[in-house]
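The values are calculated or read from the model by the stated rules, or taken from the named source; none is laboratory data. Owing to the predicted nature of the structure, the values given are computational and were not obtained by experimental measurement. Note that each Cβ is placed from the backbone with ideal geometry, even for glycine, and that neighbours are counted across all protein chains shown. With ligands, DNA and RNA removed, areas are computed over all heavy atoms of the protein, side chains included. Shrake-Rupley method; radii C 1.70, N 1.55, O 1.52, S 1.80 Å.
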Number of protein chains: 2
Amino acid sequence: MGEEVIISNKQVILKHYVSGYPKESDMELKNSTIKLNIPEGSNVVILKNLYLSCDPYMRGRMKKTEGSYIDSFTPGSPITGFGVAKVLESGDSNFQKGDLVWGMTGWEEYSIVTPTDQNYLFKINDKDVPLSYYTGILGMPGMTAYVGFYEICSPKKGETVFVSAASGAVGQLVGQFAKMLDCYVVGSAGSKEKVDLLKNKFGFDEAFNYKEEQDLDAALKRYFPDGIDIYFENVGGKMLDAVLLNMKLHGRIAACGMISQYNLEQTEGVHNLFYLISKRIRMEGFVIFDYFHLYSKYLEMIIPKIKAGNVVYVEDVVEGLENAPTALVGLFSGRNIGKQVVMVSPE
Amino acid sequence: MGEEVIISNKQVILKHYVSGYPKESDMELKNSTIKLNIPEGSNVVILKNLYLSCDPYMRGRMKKTEGSYIDSFTPGSPITGFGVAKVLESGDSNFQKGDLVWGMTGWEEYSIVTPTDQNYLFKINDKDVPLSYYTGILGMPGMTAYVGFYEICSPKKGETVFVSAASGAVGQLVGQFAKMLDCYVVGSAGSKEKVDLLKNKFGFDEAFNYKEEQDLDAALKRYFPDGIDIYFENVGGKMLDAVLLNMKLHGRIAACGMISQYNLEQTEGVHNLFYLISKRIRMEGFVIFDYFHLYSKYLEMIIPKIKAGNVVYVEDVVEGLENAPTALVGLFSGRNIGKQVVMVSPE
Ligand SMILES: NC(=O)c1ccc[n+]([C@@H]2O[C@H](COP(=O)([O-])OP(=O)(O)OC[C@H]3O[C@@H](n4cnc5c(N)ncnc54)[C@H](OP(=O)(O)O)[C@@H]3O)[C@@H](O)[C@H]2O)c1
Ligand SMILES: NC(=O)c1ccc[n+]([C@@H]2O[C@H](COP(=O)([O-])OP(=O)(O)OC[C@H]3O[C@@H](n4cnc5c(N)ncnc54)[C@H](OP(=O)(O)O)[C@@H]3O)[C@@H](O)[C@H]2O)c1
């Protein structure tokens, strides 16, 4: 047993449960310390965090929830989330000192995690890609786009596809997957810059800024005169209502997220659900945590495409743990352009 | 070619398009005449109508709609709908004089119809059951319960099932089908008499009067402490919102109808759709017109069960075409107990 090593450990703490829009001041930076030794017989892994992922689902963890698919954060403790890290010490034979991993970690410089099935700690084998990709295209959001599109949408070649929050971590990939199937793909996003990205970088056939549309129904009719076969739902609320008016018979809606509702005390009502019946629509929700058994299959598909340049991925990387709260909060105003990542340390 | 025969023909006319709740005064009785001869070379069939079916979807046909799954009625003309009839004359070799048939006919004593794939005219082969059953358990509502439950709900033995508008034409069968699969089945309906019927006649495990519940969420929690696997949705609106709170993970919702919304100028908003995601729910709409290829398979299953008394069916039969408007309008206040039928003539 080596000497005891205690070092300083900056952390992002959730101060209290949040209601309404989250603010930077709901979190605080704290200087803590951490012991870098593993007690005899323990199976924990000590991680140096490199990249942290800002994801919309984290908003749900900022409030007290019961029976949700994921626990609330603990006020007074560091936020947790997906990240990329280096193994400093390991009590688990599946991980060796020096390994790069991604999975659930803490919003701090160093974390002690216990690898379990629930904790999602994956060893990173392919390092010929930017490491930060394991928070995005090669991590949870990538899997979400893959499963949501291929497993939930039942897509067929040439169908018409609409994606909301289309320039984000998930949406940009959904659009590219749909183009690979020769679908006609339209995306919505919240700024001109994002709309340009959709059309010029990700290959969407069309894109529009939903904030500039007085009438979402009219906007959708403009781009889908014959209707929508597949809606990849990321935002909910008014957009869902407008989409329901424009679905084709036997259309499918993958209910992935409803970010426009996450910060509302009273969610908006959706009025057009009768169209699910008259248009024979299947609307299906999914949570990516159920599908990680498909991860290696996904990597086999996606890594060659990344390397060949057939799939591109845009990230918005903020440097420094101290900027993590701003980055996280920014998801809910659309501040991020592409996948929001926080670089804690480059290696 | 025989002598020309012209006889009187009472009809129920839709006076104008309807908004809000339909009223008897939106329809009127008219004395018309009809020629009972078929012109040389015509393939029409002349029917004597025996039983007419009152169905909630007919509300949608009372307003001007575009691109709906079914055409609007024509103001000034007789209402049309499913019914049981006797063939008086036939220009179609599939039907002979004297045949009993069911399908789309007019709200009048005699109708001239052109059998096409869209018109659904089925020859009645089994006459050992009440003829009126071909408007209900052996007709469109029966098929709806069968397809909605077996094809859309993906039911498994022992699951928990909730049915709204449970004592109606469709609901009473859904409950009985679910019991055959050893499911735990609860129904909601709008009166004590209907609740008793659900428990004592149709074998539902539990039933409640939704009009007497202050809090639908609490009512559902009372009957489903561990949640609902399958919701057979007939009513929409507030009930759907309460159900979403009480679904189990991986639950299924067959979106069959939303009768509580049909007469509203502005539909109620549904607020709890995020649960589709967090609970991984599939909600799927269907229209029975897509499934009539399964009709003979359904008859093979259901007729022996009717004859053996393993399935029961409650009808609410009103006598006389002149009472048809009251019967139709009554669907929207829950006046009917069981399947609403109008007997125009016993044979
Ligand atoms: N089911 C699952 O397992 C699963 C997994 C991952 C993600 N998700 C969901 O997928 C969706 C996208 O996630 P992501 O990681 O790709 O996030 P993201 O799109 O990278 O970031 C969030 C984006 O949402 C948009 N947005 C924020 N508020 C909005 C509003 N009120 N109305 C419309 N758009 C709004 C913003 O873009 P604009 O500038 O375009 O407004 C923002 O950039 C989210 O709903 C998330 O919860 C679900
Ligand atoms: N998708 C399809 O192809 C298809 C085919 C057939 C039927 N359907 C739908 O299935 C549902 C049931 O049809 P059905 O033929 O079996 O009708 P039904 O249940 O025999 O008659 C309608 C019943 O709906 C209930 N109701 C009326 N207004 C209501 C309200 N505001 N809130 C709650 N319940 C209300 C009443 O019962 P209470 O006393 O219980 O309130 C009434 O007796 C309808 O929504 C219909 O449109 C769909």
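Taken over segment A:76-132, the criterion of being open to solvent by less than 20 Å² (accessible area, probe 1.4 Å), of a type in the set (A, V, I, L, M, F, W, C), within 14 Å of A:K48 (Cβ to Cβ) and not in a loop (DSSP other than H, G, I, E, B) is satisfied by A:V84, A:A85, A:V87, A:V101, A:W102, A:V113. Out of A:D290, A:D316, I need the residue that is more than 18 Å from B:I253 (Cβ to Cβ), without any contact (Cβ under 8 Å) to a residue 12 or more places away in the chain and within 16 Å of the chain's Cα centre (by Cα). Which one? None of the other options fit; the residue is A:D290.
Results for (1) crowded, with 22+ Cβ neighbours inside 10 Å; (2) over 25 Å from A:I152 (Cα atoms); (3) at pLDDT 95 or above, shown as yes or no for each residue.
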| position | (1), (2), (3) |
| --- | --- |
| A:A169 | yes, no, yes |
| A:G175 | yes, no, yes |
| A:K192 | no, yes, yes |
| A:L198 | yes, no, yes |
| A:G203 | no, no, yes |
| A:E206 | no, no, yes |
| A:L216 | no, no, yes |
| A:Y223 | no, no, yes |
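The single residue among A:V185, A:V287 that is open to solvent by less than 40 Å² (accessible area, probe 1.4 Å), modelled with pLDDT of 95 or more and either more than 10 Å from ligand 1 (Cβ to nearest atom) or touching a Gly at 6+ places or on another chain (Cβ under 7 Å) (or both) turns out to be A:V185.
Return a yes/no flag: does segment B:236-251 have any residue that is in a loop (DSSP other than H, G, I, E, B), surrounded by fewer than 22 Cβ atoms within 10 Å (Cβ to Cβ) and at pLDDT 95 or above. Scanning segment B:236-251, I find at least one residue that is in a loop (DSSP other than H, G, I, E, B), surrounded by fewer than 22 Cβ atoms within 10 Å (Cβ to Cβ) and at pLDDT 95 or above, so the answer is yes. Annotation: of all residues in segment B:319-347 being open to solvent by 20 Å² or more (accessible area, probe 1.4 Å) and in a strand (DSSP E or B), the one that is farthest from ligand 1 (Cβ to nearest atom) is B:E319. Given the residues A:S19, A:S53, which is the only one that is in contact with a strand residue (DSSP E or B) (Cβ under 7 Å, 6 or more places away or on another chain) and assigned by TED's automatic domain parsing to the domain that holds A:A327? Answer to the selection: A:S53. Out of all the residues in segment B:198-218, is one or more out of contact with any strand residue (DSSP E or B) (no Cβ under 8 Å at 6 or more places or on another chain), within 16 Å of ligand 1 (Cβ to nearest atom) and either under 25 Å from A:T267 (Cα atoms) or in the same structural domain as B:Y17 (by TED's automatic domain parsing) (or both)? Scanning segment B:198-218 turns up no residue that is out of contact with any strand residue (DSSP E or B) (no Cβ under 8 Å at 6 or more places or on another chain), within 16 Å of ligand 1 (Cβ to nearest atom) and either under 25 Å from A:T267 (Cα atoms) or in the same structural domain as B:Y17 (by TED's automatic domain parsing) (or both).
Going through (1) buried (at least 24 other Cβ atoms within 10 Å of the Cβ); (2) more than 13 Å from ligand 2 (Cβ to nearest atom) one by one, B:S154 falls short only on (1). Restricting attention to segment B:290-308, the residues that are open to solvent by 60 Å² or more (accessible area, probe 1.4 Å) and hydrophobic (A, V, I, L, M, F, W, C) add up to 1. Does B:G98 satisfy being of a type outside the set (S, T, Y) and on the phi > 0 side of the Ramachandran plot? It is true that B:G98 is of a type outside the set (S, T, Y) and on the phi > 0 side of the Ramachandran plot. Across segment B:261-300, the number of residues qualifying as in a loop (DSSP other than H, G, I, E, B), in contact with a helix residue (DSSP H, G or I) (Cβ under 6 Å, 6 or more places away or on another chain) and more than 7 Å from every other protein chain (Cβ to nearest Cβ) comes to 2. Filtered by the rule that a residue be in contact with a helix residue (DSSP H, G or I) (Cβ under 8 Å, 6 or more places away or on another chain) and within 14 Å of chain A (Cβ to nearest Cβ), segment B:229-240 gives B:Y231, B:F232, B:E233, B:N234, B:V235, B:G236, B:G237, B:K238, B:M239. Looking at this structure, is B:P39 touching a helix residue (DSSP H, G or I) at 6+ places or on another chain (Cβ under 8 Å) and part of a loop (DSSP other than H, G, I, E, B)? No; evaluated as a whole, the condition is false for this residue. Condition check: surrounded by fewer than 24 Cβ atoms within 10 Å (Cβ to Cβ), away from ligand 1 (no atom under 16 Å from the Cβ), on the phi > 0 side of the Ramachandran plot and outside the structural domain of B:G20 (by TED's automatic domain parsing). Does B:G227 satisfy that? For B:G227, the condition - surrounded by fewer than 24 Cβ atoms within 10 Å (Cβ to Cβ), away from ligand 1 (no atom under 16 Å from the Cβ), on the phi > 0 side of the Ramachandran plot and outside the structural domain of B:G20 (by TED's automatic domain parsing) - is met.
Within segment A:265-281, the set of residues being within 16 Å of ligand 1 (Cβ to nearest atom), open to solvent by 30 Å² or more (accessible area, probe 1.4 Å) and in contact (Cβ under 8 Å) with a residue 12 or more places away in the chain comprises A:E265, A:T267, A:E268.
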